[in-house]
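Read the figures in this text as sums done on the coordinates, not as results from a lab. Small disclaimer: the values here were computed from a predicted structure and weren't measured. No Cβ is skipped: glycine too gets one built from the backbone with ideal geometry, and neighbour counts run over all protein chains shown.
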Amino acid sequence: MSATVGQADDHLANGYEALATGDWPGARDAFASAVTAAESPEALDGLGRALWWLREERESVVYRERAYAGFRRDGELARAARIALWLSREYALAFGNDSAAGGWLARASRLLRDVAPGAERGWLDLARSERTRDGEESARLASAALEVALTAADTDLELRALAQLGFAEVSLGEVDEGLEHLDEAMAAATSGEPTSHETFADVCCTLMLACERAGDAERPQQWSRVLEEFVRRYDHITLLAFCRTCCADVFAANGRVDAAEEELVVAIRELTEAGQRSRCVHPATRLAEIRVLQGRFDEAEQFLTGFEDDPDAIRVAVAMRVARGDARTAEALVVRRLDEIGWTNLLAAPLLEQLVQARLAEDRVEEAREAADMLAAIAGPSGRERVEAAAALARGRVASAAGDADAVNILQRAVNGFAGLGLRLLAAQARVELARALADQSPPGAIETARHARNELEALGASREADAAAALMRSLGARGRTGPRSLGSLSRRETEVLRLLGEGLSNRDIADRLFISPKTAEHHVSRIYGKLGLKSRAEAAAYAVRTLGVE
């Protein structure tokens, strides 16, 4: 018996070491061996944690429920309560089962009545903060959890509470305060302060969700550089396995739209097959954004089905309506959301940008000017460069539509603002507007500006807007391309696909080689044709031989 117990202890030690280094399969195997040698609540709990990282959520829940029962039976109420809180969160986030989530939260609360005050009380406050829909109550409970964490010196609780407090503040319209708290939590999480990778995962996910709600594209881009460096110590896909949407956000923030697209497609498939919900922003809404950029509106519409009332899907729904010429519906969606959150706080800024576009689409210039002025009033006191650039773009669009002479100068400030922040897509979109404003006074300057925008938009996968820039160039007398376009317009993945086309592979063969779906391979091939001005696989193969040296 003692030998068996000793073996179980060795397996437990190996399991915890594997968890610490991000070796989830190794952790699973070690804890499974510990369960076989001498089943214990600790081994069951470790196995459940490893399975969670491997995205086997249902099995994870089964083992952690068994661990809960074991700790409860052994009188370890604090550990049992901690698992009960985790189960409450998992049932709510992954499975959308509010009854089970509420039951486990109530169970944890009852257990903690018999436990001396400590960190577990803070974890209970945090769980309650995450479940309530009252923003002020959520912030109050998160603050209480933070105080407990500082007293108990529980770093994981501290960072989770900081992130939750930040998210609650952003949702209340206190955007600057909330994002400052999230920045602090992220700084600590990526420095190695937490004792578990789960804390890193949660803080990262909460940051992305808060930025989506605040319309802050700059912050994910800045943090993505830190994240990529941090996760280089591990397999980054593995470390971010808790949420493929966040992983896609990291790719997209660095201009790798193709990689983001692939990650989102897989995320949607996995959630559908498992019958689960997304933990933060649903990948379908993210993929809908990419489809709108590509001009694939029917697909975008399909992805948005069921998310019509989701606050995080409003902006992409509005963008799609404007692009399809349904400006009235777009305006109605924006106004309804602004009435909910208020018209004068930072949360309103990205919606006011879209309101300007919707009104201009119907030549309601003065009403668009009113919305642009409201955006400028928010931008001024905010001190946020991204909002200031957006306000300049809105004012420039209105000035251009009204024929104001200052439109070019205003739009140039918008271009400079976005470019200075490294926001390539927004800078390219602003350049298209600048080119339109330049069209009458300097056609050559307008053509060159539109060409710059088109090249950037093509590189970023925004094919619909790239086509609009190209059409503007043609209307100004620019000669069309006489041959294949530059290889530099292709993304990294598209270059890989082009190389395989040069080898004569079919779409299915390409899919197998790159571990993507045949439909994704087909989409890459179509985009290569469009970007390079090619008409057939034979032309693409010949181009690959010439430019990539494929034999």
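Here is how the numbers come out for the structure above:
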item: Isotropic mean projected area of the C-alpha convex hull, the stretch 483-551 (nm²); result: 3.9 nm²
item: Label-point separation in nm, Asn416 to Ala69, each point 7 Å along Cα→Cβ; result: 6.9 nm
item: Virtual paramagnetic centre 7 Å along Cα→Cβ of Thr4, amide N under 20 Å, in the stretch 41-66; result: 41-47
item: Full-extension gain in nm, Ala38 to Val226, via 0.36 nm per residue minus C-alpha separation; result: 63.5 nm
item: Modelled FRET efficiency - R0 41 Å, Ala405 with Arg513, Cβ distances, 0.05 increments; result: 0.15
item: Helix 119-131 axis, angle to the chain major axis (alpha carbon atoms, nearest 10°); result: 40 degrees
item: Estimated inter-spin distance, Glu273 and Glu370, nm [label 7 Å along Cα→Cβ]; result: 5.2 nm
item: Dipole magnitude of the stretch 66-208, debye to nearest 20 (Cβ charges: Lys/Arg +1, Asp/Glu -1, about Cα centre); result: 1080 debye
item: Charge dipole (the chain, unit charges on Cβ, about Cα centre) - positive-most of Ala185, Leu85, Ala313; result: Ala313
item: Principal axis dimensions, the stretch 263-311 - Cα atoms, whole angstrom, descending; result: 30, 23, 15
item: The chain: angle of helix 175-189 to the longest principal axis, Cα-based, in degrees nearest 10; result: 60 degrees
item: Inter-label distance, nm, simple model (7 Å from Cα along the C-beta direction), Asp134/Arg324; result: 4.0 nm
item: Efficiency of FRET from Cβ geometry, Arg113 and Val62, R₀ 30 Å, rounded to 0.05; result: 0.65
item: Mean separation of Cα contacts under 8 Å, 6 or more apart, over the residue count of the chain: relative contact order %; result: 7 percent
